[in-house]
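Peer 1: This is the structure I want to talk about, given as structure tokens.
The values are calculated or read from the model by the stated rules, or taken from the named source; none is laboratory data. As the structure is a prediction and not an experimental result, all values here were calculated from the model. With ideal geometry, Cβ positions are generated from the backbone for all residues, glycine too; neighbour counts draw on all protein chains shown.
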Amino acid sequence: MNKDTTEINEIIQMAWCDKTSFDDIQALTGSTEPETISIMRRFLKPSRFRLWRKRVSGRIAKHRKKQSVKNQQALYETWE
């Protein structure tokens, strides 16, 4: 996991975005869900990391496998 500052900033921004799944982050940056969590833990203040983990834990939008096909299509339509 040897990433430069720009890549780390992109991963953090995407991780904070509610509409970006961990699968999308992996497709764009190559960073898996555990790696993304590790980056967030390392580069955020502890209180910010806890807030983020609370937000994403169990959130359907962060896990594409849990989303229905209709919800996935709606998410991509908002990005176009």
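Peer 1: Among the residues of region 21-49, how many are in contact (Cβ under 8 Å) with a residue 40 or more places away in the chain and either small (Gly, Ala, Ser) or in contact with a helix residue (DSSP H, G or I) (Cβ under 6 Å, 6 or more places away or on another chain) (or both)? Explain how you work it out, then say what you get.
Peer 2: Taking region 21-49 and keeping what is in contact (Cβ under 8 Å) with a residue 40 or more places away in the chain, we get 21-24.
If we keep only those that are either small (Gly, Ala, Ser) or in contact with a helix residue (DSSP H, G or I) (Cβ under 6 Å, 6 or more places away or on another chain) (or both) as well, we get 21-23.
Qualifying residue count for the region: 3.
Peer 1: How many residues, within region 23-49, are surrounded by 15 or more Cβ atoms within 10 Å (Cβ to Cβ), out of contact with any Lys or Arg (no Cβ under 6 Å at 6 or more places or on another chain) and either charged (D, E, K, R) or at pLDDT below 90 (or both)?
Peer 2: The qualifying residues number 3.
Peer 1: Is region 3-14 home to any residue that is in a loop (DSSP other than H, G, I, E, B), at negative phi and under 13 Å from the mean Cα position of the chain (by Cα)?
Peer 2: Initial filter on region 3-14 (in a loop (DSSP other than H, G, I, E, B)): 3-4.
From the residues that got through so far, the ones that are at negative phi too are 3-4.
Keeping just the survivors that are under 13 Å from the mean Cα position of the chain (by Cα) gives none.
No: zero hits.
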